[in-house]
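See below for the structure under consideration.
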Amino acid sequence: MDLEYLFQIILKKIDTIKKSIVIADFIQSPIIEIAGELTLNIAARNTDVEILLVDDYYPSDGFSKRLPKLFKWFDLPFSFKRIFIKNAPSKVKFTTRRVIENTEFIKWPKSLQEIFEQIIDNKNISINKFLKNLKLNDVDVGVGILSSIISKTKDNNPNYFFYKKEIEKAFYEFNRRYMFYIEFFSEEQSYDKCFIFNGRFASNKALLAAISYLKIDLKIFYYERSHILNKYTVRNHMPHDRHKIYDEINQCWINRSSSKEANLIAKTFFLQRLQGQGLSWFSFSKGIRDKKSNQIINSLIESSDISRKKIIFFTSSEDEFESLGEAWFKSDKHASQFDIIKNLSKLVENHNYKLFIRVHPNFKSSSLRVKEKWNNFFSNINNENIRVISPQLNVSSYGLLNRMDLVIVYGSTIGIEAAYLGKKVIVTGPSYYSDIKAKINVIDSLESLNKVIPEIINKNIYTEKDISESTLPYGYWCYKCGIKFQNFLPSSPINGKYFGKDLDYIFLILVKLKKRYDFIKNIPRLLKQKLNKINI
């Protein structure tokens, strides 16, 4: 049975609803198209539905670039509205609201004012300390603001000194959206259900805080992209609530109609991933059989290492985890990757193992501050038993797996992919597959890690086949999870055609032309500055 039935059950419940509203405030492909798809799906059930396009003219989550008024016809919000209205049934109400001014600091909620001032006064201290417990109307708005800031800075511990601009933008975004939603829902309260994107960003928390402030009885659903390009998901919980995702994966596997077909689908998912196909996002690794990559791997493993037990630790982008807050960790008791690597460093020396540390390829997009922190950390590891594999080294992470005796991850999906290959796997942080009965080892303390590694690496409790087959529920869920697009045809994770039209093709061309125009316009000023320096 297709997992889509779970989402269709959710949508069937909407049949008795007085009115639904879909919020489209993340103006990027394919998210805005998902809002459109969802609206038409609800309308097809003869349910009253309205789509609200939040047209924010300030930098915000999901959208900030705007074209000059002369070309506004090709601006993303206008393009989406034009295409949607042309193809949607008349019973769908389309509402556009522009957000064209910020909320003055003096009009912010008092708790936001106080926290913002504390952050400025302690500009060298991580803002996480101030925001993690900040609530407004019983909504964890601090986590949302923090999530937006971390997503922009790519730093899991930002402070005001380094990221003044990004922090101020996130606070202003939250407050103007908060006031916007209070005004909007004060005027119109006839909705029963509200559909929003993702749920973790500042703009999402502003909506939830506004609804809570107005004491509106409104059921909230969350839409998101799926694990493959041609589907999207709708849930009554945020997509990163991993404990509910565990139940979803297990239930999906229980409800499969054919074990043979489910196994084939799951294996197809893993095989495509191992070939370097991203499926839902761009792949960060080459395929497992890439010849050039495997030649590099052969050179990394010295002749003296061949007979030694080899362990590999895959780092994760900590900013992704940190910005998810309590819904991801459920407690503050989790070891950092630095602590885990330090422990592994001592362990491999005591047992004469070889440790390879594969730095996540996406580390290249981290902030300079984060890069400096990690580089300083690695420079202090003087251990001949350790080999750090730089993110710049164009080597397949999947190819590395084949040469290892034990794979340790913090929480990235390569852990479940390694298990599919029959590898022994230890997961040291939260993940989407920690509690789905896969034959992997979930270790939540440094003491346990030191104790179990020698046992795991030297004993074969499960066969490679048993380990591999235990991962199939995850692969099946990834492939079957979601509702298929009806009107959007994706060509990549960020491109596609909506009702046969490329939503942002002309927009991107005009943005590039504007950049060139601005550069040419500034040439006289730049030349003048250069001449002044020469004269000095």
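The values are calculated or read from the model by the stated rules, or taken from the named source; none is laboratory data. In this text the structure is predicted, and so the values were computed from the model without any measurement. FYI the Cβ positions are ideal-geometry reconstructions off the backbone, even for glycines, and counts take in every protein chain you see. Protein only, heavy atoms only, side chains kept; ligands, DNA and RNA dropped before computing areas. Shrake-Rupley method; radii C 1.70, N 1.55, O 1.52, S 1.80 Å.
May I ask you to list the residues in region 166-206 that are part of a helix (DSSP H, G or I) and aromatic (Phe, Trp, Tyr)?
Scanning region 166-206 gives Phe171, Tyr172, Phe174, Tyr178, Phe180, Tyr181, Phe184, Phe185.
Kindly indicate the residue of region 276-285 that is touching a residue at least 40 places away in the same chain (Cβ under 8 Å) and among the hydroxyl-bearing types (Ser, Thr, Tyr) and also surrounded by the fewest Cβ atoms within 10 Å (Cβ to Cβ) among those meeting that condition.
Selected residue: Ser280.
Which of (1) part of a helix (DSSP H, G or I); (2) over 22 Å from Ile150 (Cα atoms) is the odd one out, the single condition Pro89 does not satisfy?
Failed condition: (1).
Considering only residues that are in contact (Cβ under 8 Å) with a residue 12 or more places away in the chain, open to solvent by 40 Å² or more (accessible area, probe 1.4 Å) and assigned to a helix (DSSP H, G or I), which ones fall in region 347-361?
The answer is Glu349, His351.
Results for (1) among the charged types (D, E, K, R); (2) open to solvent by less than 50 Å² (accessible area, probe 1.4 Å); (3) part of a loop (DSSP other than H, G, I, E, B), shown as yes or no for each residue.
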{"site": "Pro391", "(1), (2), (3)": "no, yes, yes"}
{"site": "Gly399", "(1), (2), (3)": "no, yes, no"}
{"site": "Ser412", "(1), (2), (3)": "no, yes, yes"}
{"site": "Ala418", "(1), (2), (3)": "no, yes, no"}
{"site": "Pro430", "(1), (2), (3)": "no, yes, yes"}
{"site": "Asp435", "(1), (2), (3)": "yes, no, yes"}
{"site": "Lys439", "(1), (2), (3)": "yes, no, yes"}
{"site": "Leu449", "(1), (2), (3)": "no, yes, no"}
{"site": "Val452", "(1), (2), (3)": "no, yes, no"}
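Of the residues Ser365, Ser379, which is over 15 Å from Asp405 (Cα atoms), surrounded by fewer than 18 Cβ atoms within 10 Å (Cβ to Cβ), small (Gly, Ala, Ser) and under 23 Å from the mean Cα position of the chain (by Cα)?
Ser365
With the requirement that a residue be open to solvent by less than 70 Å² (accessible area, probe 1.4 Å) and of a type outside the set (S, T, N, Q), what does region 105-131 give you?
Listed by number, the residues that qualify are Phe105, Trp108, Pro109, Leu112, Ile115, Phe116, Ile119, Ile120, Ile125, Ile127, Phe130, Leu131.
Answer yes or no as to whether Asn157 is among the polar types (S, T, N, Q), in contact with a helix residue (DSSP H, G or I) (Cβ under 9 Å, 6 or more places away or on another chain) and closer than 23 Å to Pro59 by Cβ.
In short, yes.
For region 202-217, indicate whether the set of residues that are among the aromatic types (Phe, Trp, Tyr), in contact with a Phe, Trp or Tyr (Cβ under 9 Å, 6 or more places away or on another chain) and surrounded by 16 or more Cβ atoms within 10 Å (Cβ to Cβ) is non-empty.
Within region 202-217 (the criterion being among the aromatic types (Phe, Trp, Tyr), in contact with a Phe, Trp or Tyr (Cβ under 9 Å, 6 or more places away or on another chain) and surrounded by 16 or more Cβ atoms within 10 Å (Cβ to Cβ)), the answer is yes, since at least one residue qualifies.
Please go through region 66-104 and pick out each residue that is surrounded by fewer than 18 Cβ atoms within 10 Å (Cβ to Cβ), free of Cβ contacts under 8 Å to residues at least 60 places away in the same chain and farther than 23 Å from Leu508 by Cα.
Pro89, Ser90, Lys91, Lys93, Phe94, Thr95, Glu104
Just give me the residues in region 237-275 being over 21 Å from Gly411 (Cα atoms), among the small types (Gly, Ala, Ser), open to solvent by less than 80 Å² (accessible area, probe 1.4 Å) and touching a residue at least 60 places away in the same chain (Cβ under 8 Å), in sequence order.
Ala262
Every residue, every condition in (1) of a type in the set (Ser, Thr, Tyr); (2) over 27 Å from Lys244 (Cα atoms); (3) modelled with pLDDT under 95; (4) out of contact with any Gly (no Cβ under 7 Å at 6 or more places or on another chain), yes or no:
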residue	(1), (2), (3), (4)
Trp328	no, no, yes, yes
Lys333	no, no, yes, yes
Phe356	no, yes, no, yes
Phe378	no, yes, yes, yes
Val395	no, yes, yes, yes
Glu417	no, no, no, yes
Gly429	no, no, yes, no
Asp435	no, no, yes, yes
Ile443	no, no, yes, yes
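List the number of the failed condition for Tyr163; all other conditions in (1) open to solvent by 10 Å² or more (accessible area, probe 1.4 Å); (2) assigned to a strand (DSSP E or B) hold.
Tyr163 satisfies every listed condition except (2).
If I filter region 132-156 down to residues being farther than 24 Å from Ser64 by Cβ and among the polar types (S, T, N, Q), which single residue comes out as most open to solvent (accessible area, probe 1.4 Å)?
Ranking the qualifying residues of region 132-156, first place goes to Asn133.
Would you pick out the residues in region 43-65 that are surrounded by 18 or more Cβ atoms within 10 Å (Cβ to Cβ), without any contact (Cβ under 8 Å) to a residue 40 or more places away in the chain and over 20 Å from the mean Cα position of the chain (by Cα)?
Listed by number, the list holds a single entry, Thr47.
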